[in-house]
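Scroll down for the structure; my scribbles are underneath it.
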Amino acid sequence: MLQFASVTGFVRMVLIILLIYFGIKILSRLFAPFLIKYVAKKAEQRFGDQFGQQQRQEKPKKEGEVTIDKIPKAKTSNKNVGDYVDYEEID
């Protein structure tokens, strides 16, 4: 047996969809600042924890003490780079 949608049922469905849409829109405007603050606070804690772990791994240094973290590699020059070409400027 076939059932056909009535006009009142269609209008009621459209009104319900619009009500839900605008309700979510209003609620998101109310709760968005709290959600953003929560996410920002969590990100700040996460970055703070990472920074705190890095600081704990380093040994405390005395004031004025100099340390070198990375020793530079010895640079080697290659003598067979190419031919030297002497040139003159032409006016």
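None of the figures in this text is laboratory data; all of them are computed from the coordinates on show. Keep in mind that what you see is a predicted model, and the values were worked out from it rather than measured. Cβ coordinates were reconstructed from backbone atoms using ideal geometry, including for glycine residues, and neighbour counts include every protein chain displayed.
Rounded to the nearest 500, the helix-only mean residue ellipticity at 222 nm of the chain stands at -21000 deg cm²/dmol, with each DSSP H run of n ≥ 4 adding -39,500 (n - 2.57).
Between K70 and D83, the simple spin-label model (points 7 angstrom out along Cα→Cβ) gives 3.9 nm.
Evaluated with a Cβ-only charge set (Lys, Arg +1; Asp, Glu -1), the chain carries a dipole of roughly 1280 debye about its Cα centre, given to the nearest 20. Modelled this way, with points 7 Å down the Cα-to-C-beta line, the labels at R12 and A32 are 3.3 nm from one another.
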